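A short write-up of the structure that comes next.
Please treat every number below as a calculation from the coordinates, not as lab data. Since the model is a prediction, treat every value here as computed from it, not as a measurement. Glycine also receives a Cβ, built like all others from the backbone with ideal geometry; neighbour counts cover every protein chain displayed.
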Amino acid sequence: MVDEAYLDLAVDAPSMASLLQEGYNVIIMRTFSKGLGLAGLRIGYMLGQPSFLKPLQEIMAYNGLMLSNIAVQAAFAALEDRAFHESYIAENHRVRNEVSQALLEMGYEIIPSFTNFILFSITGPALDFELYFKERGYVLKTMALDGKTWCRLSLGTRDQMKSFCQLLKTIHS
């Protein structure tokens, strides 16, 4: 199983769909939530050999896993609006690069990615960090990983991210 949720946001990353043409029994999962901005609608799709997907279709139908008409219509509309899709991806890259650079300049360690979020390391109590930002309108998620505490920062608009970086500078200095 291959999760290609962030494929739209990656630069020059190949899809594994060619494995299907070569006859491999692989399932490729994709979503409309990242590069097309439909996260709240929980819509996506799977690619695979028909015989390999058939049992999954039966399980999903049996368990009543159905999509709403609104989600389906939104997905079709999103697929047709290539201009929005391309501008969203370009803006995501721009904002992610600007915020990453600002974090590096403040001395934070980041994990490079092509996603719509940034992971950066923090020091001090994670809950205090989260609470400080929550009181100022930012919901952040922290986690322990490899002996460090990391913050997951979902990207917003350029102005929102500039405001976040300015606020972060006040506690960093």
Item to check | Summed side-chain charge close to R152 - residues other than R152 whose Cβ falls under 11 Å, Lys, Arg +1, Asp, Glu -1 | outcome: 0
Checklist entry - Any idea what the relative contact order of segment 77-173 is, in percent, if you count C-alpha pairs under 8 Å spaced at least 6 apart? => result 25
Checklist entry - Counting other C-beta atoms within 10 Å, which of I70, I122 has the fewest, and how do the rest follow? => result I70, I122
Checklist entry - Which longest uninterrupted range of the chain lacks any GluC sites (Glu not before Pro) assigned by DSSP to a loop state (not H, G, I, E or B) and surrounded by at most 10 other Cβ atoms within 10 Å? => result 23-134
Item to check | Order of C165, C151 - criterion: other Cβ atoms within 10 Å of each residue's Cβ, fewest first | outcome: C165, C151
Item to check | Residues with amide H under 5 Å from that of T149, placed H, sequence gap 5 or more | outcome: I122
Item to check | Spatially proximal lysines relative to K134 (Cα-Cα < 19 Å; intrachain offsets below 8 disregarded) | outcome: K162, K169
Checklist entry - In nm², what is the average projected area of the convex hull enclosing the Cα atoms of the chain? => result 12.8
Checklist outcome for this item: For K34, the aspartates and glutamates lying under 17 Å Cα to Cα, once residues fewer than eight places off in the same chain are dropped, come out as D3, E4, D8, D12, E80, D81, E86, E91
Checklist entry - Each residue of segment 39-48 in turn: what ³J(HN,Hα) in whole Hz from Karplus with 6.51, -1.76, 1.60 and θ = phi - 60°, glycine and Pro shown as x? => result 4, x, 8, 6, 10, x, 7, 10, 10, x
Checklist entry - Just the projected area, averaged over all directions, of the convex hull on the alpha carbon atoms of segment 2-80: how many nm²? => result 5.9
Next on the checklist: Semi-axes of the equivalent ellipsoid for segment 44-106, please: Cα gyration tensor eigenvalues, times 5, square-rooted, ordered largest first, whole Å.
Outcome noted: 36, 17, 12
Checklist entry - Using a Förster distance of 45 Å, how high is the FRET efficiency between M60 and E105, based on the Cβ-Cβ distance and rounded to 0.05? => result 0.45
Next on the checklist: Compute, for the chain, the length of the dipole vector about the Cα centre, with Cβ point charges of +1 (Lys, Arg) and -1 (Asp, Glu) only. Units Debye, rounded to 20.
Outcome noted: 340
Checklist outcome for this item: Computed over the chain: longest principal axis from alpha-carbon atoms vs helix 69-80 long axis, angle to nearest 10 degrees, is 80
Next on the checklist: I need to check one value: relative contact order of segment 2-80, counting alpha carbon pairs closer than 8 Å and at least 6 residues apart, in percent.
Outcome noted: 26
Next on the checklist: Between 0 and 90 degrees, rounded to the nearest ten: what's the tilt of helix 50-62 against the longest Cα principal axis of the chain?
Outcome noted: 70
Checklist entry - Tally Lys/Arg at +1 and Asp/Glu at -1 over every other residue whose Cβ is under 11 Å from the Cβ of L140; what's the total? => result +3
Item to check | Helix axis angle, 158-172 relative to the chain longest principal axis, alpha carbon, degrees | outcome: 40
Item to check | Mean ellipticity per residue at 222 nm, deg cm²/dmol - from DSSP H runs of n ≥ 4 across the chain, formula -39500 (n - 2.57) | outcome: -14000 deg cm²/dmol
Checklist entry - Pick from N92, N116, N25: which is most flexible by mean-square fluctuation in a GNM of the chain where alpha carbon atoms under 10 Å apart are linked? => result N25
Checklist entry - What is the Cα centroid distance between segment 129-173 and segment 1-61, reported in whole angstrom? => result 31
